[in-house]
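One structure is given below, encoded as structure tokens.
The values are calculated or read from the model by the stated rules, or taken from the named source; none is laboratory data. Source: prediction; values computed, not measured. Neighbour counts run over all protein chains shown; Cβ positions are idealised from the backbone, glycine included. Surface areas here come from the heavy atoms of the whole protein model, side chains and all, with no ligands, DNA or RNA. Shrake-Rupley method; radii C 1.70, N 1.55, O 1.52, S 1.80 Å.
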Amino acid sequence: MTDSLSDDERLRATETQMRRALGLRNTSQTQAIPPPATATASTSHPQRRRFVLDGEVPVTVIHRDQGDASGTNALEAARQALREQVAAREHAEHLLQEAQATIHGLQTKLAHEGIARDEAMRRVDSEKQVVEQVLQRVREELAAER
């Protein structure tokens, strides 16, 4: 029987500690609950636990300040921030694609200009050779006339 009393005392101490942790200082209601009946010698179980009935245990509802962001508002704020970040990412990806297209276009123009320059250089070289040949013939003719 002393074991069951120590169990009850431990339960009450635990309950008191929980109430203190939850900020529920009013323990007068729990003290008013009569202790459970002790087991008799004819019972095979040393002690049976008694379940509480409606109304025996006081229920305290603690309302939090509504000025703070509640869970729903915080969730909605997080969703909104996520939507903004997704939109910013899509915008950045769009700008990146435009920049890559511009780079590709400029590289193409540069390659075309390089090809055009090479063709112009070949044309100038061939015209130079023609002019040098004509000049050489004219010199030969001039030398023959002298």
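Rounded to whole Hz and in sequence order, give me ³J(HN,Hα) for the range 122-136 from the Karplus expression 6.51 cos²θ - 1.76 cosθ + 1.60, θ = phi - 60°, writing x for Gly and Pro.
5, 5, 5, 4, 5, 5, 5, 5, 4, 5, 5, 5, 5, 5, 5
Protein chains only, probe 1.4 Å: how do GLU113, GLU93 rank by accessible area, largest first?
I get GLU113, GLU93, largest accessible area first.
Calculate, in nm to one decimal, what ARG137 and GLU15 gain on full extension: separation in residues at 0.36 nm each, minus their alpha carbon distance.
Taking 0.36 nm per residue and subtracting the Cα distance, the gain is 31.7 nm.
How far, in nm, would the chain grow between ARG117 and VAL61 when pulled straight, counting 0.36 nm per residue and subtracting the alpha carbon separation?
So the extension gain works out to 11.6 nm.
Quick one: if you stick a label point 7 Å off each Cα along the C-beta vector at ALA99 and GLU84, how many nm between them?
Those two pseudo-labels are separated by 2.3 nm.
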